[in-house]
1. So, in segment 64-83, of the ones that are outside any strand (DSSP E or B) and open to solvent by less than 60 Å² (accessible area, probe 1.4 Å), which residue ends up farthest from Gly10 (Cα to Cα)?
2. Any residue at all in segment 29-46 that's within 14 Å of Gly120 (Cα to Cα), part of a loop (DSSP other than H, G, I, E, B), open to solvent by 30 Å² or more (accessible area, probe 1.4 Å) and in contact with a Phe, Trp or Tyr (Cβ under 8 Å, 6 or more places away or on another chain)?
3. Using the structure shown, decide if Lys99 is in contact (Cβ under 8 Å) with a residue 60 or more places away in the chain and of a type outside the set (Ser, Thr, Tyr).
4. Kindly list the number of the only condition in (1) open to solvent by 40 Å² or more (accessible area, probe 1.4 Å); (2) among the hydroxyl-bearing types (Ser, Thr, Tyr); (3) in contact with a strand residue (DSSP E or B) (Cβ under 9 Å, 6 or more places away or on another chain) that fails for Ser49.
5. Residues being loosely packed, with under 10 Cβ neighbours inside 10 Å and β-branched (Val, Ile, Thr): count how many of those fall in segment 92-112.
6. Let me spell it out: the conditions are (1) over 12 Å from the mean Cα position of the chain (by Cα); (2) in a strand (DSSP E or B), and Leu86 meets all of them except one. Which number is the exception?
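The values are calculated or read from the model by the stated rules, or taken from the named source; none is laboratory data. These numbers come from a predicted model, not from an experiment. Neighbour counts are summed over all protein chains in view; Cβ atoms, including those assigned to glycine, are modelled from backbone coordinates with ideal geometry. Surface areas here come from the heavy atoms of the whole protein model, side chains and all, with no ligands, DNA or RNA. Shrake-Rupley method; radii C 1.70, N 1.55, O 1.52, S 1.80 Å.
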Amino acid sequence: DVQLQASGGGLVQPGGSLRLSCAAAGFSVDEYVMCWFRQAPGKERERVSCISDLDRSTYFADSVKDRFTISTDNAKNTMYLQMNNLEPEDTAVYYCAAKDYTGSWYATIPPAEYEYWGQGTQVTVSS
């Protein structure tokens, strides 16, 4: 079966760091567009970061650029999101998602078109 499992969330103080993991099964992360989305209570789902299976290009939302890093490990078939200098505004449930797409528009694919989603992991940034 195709599955995505997100993990690594938790409670951290402002300025702290977390590394989220998204373990994939049933497909290879290097053959799918892989993205992290987040959603805070009462807010729209936001695209945080994506990595292309075409050329490994990456996308970051302006709010996280220079603080977050996305990567994949093909041997582990896992995607990661390294989050540094966390801010209270980063508090949300973080979801990983995968899309069978190879092309240059990987960072604009509507969330509804992603085939696979993980269960989400809670990130809370608070003092």
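1. Ranking the qualifying residues of segment 64-83, first place goes to Asn77.
2. Among the residues of segment 29-46, at least one is within 14 Å of Gly120 (Cα to Cα), part of a loop (DSSP other than H, G, I, E, B), open to solvent by 30 Å² or more (accessible area, probe 1.4 Å) and in contact with a Phe, Trp or Tyr (Cβ under 8 Å, 6 or more places away or on another chain), which makes the answer yes.
3. Here the answer is yes, as Lys99 does meet what is asked.
4. (1)
5. Within segment 92-112, residues that are loosely packed, with under 10 Cβ neighbours inside 10 Å and β-branched (Val, Ile, Thr) number 1.
6. Failed condition: (2).
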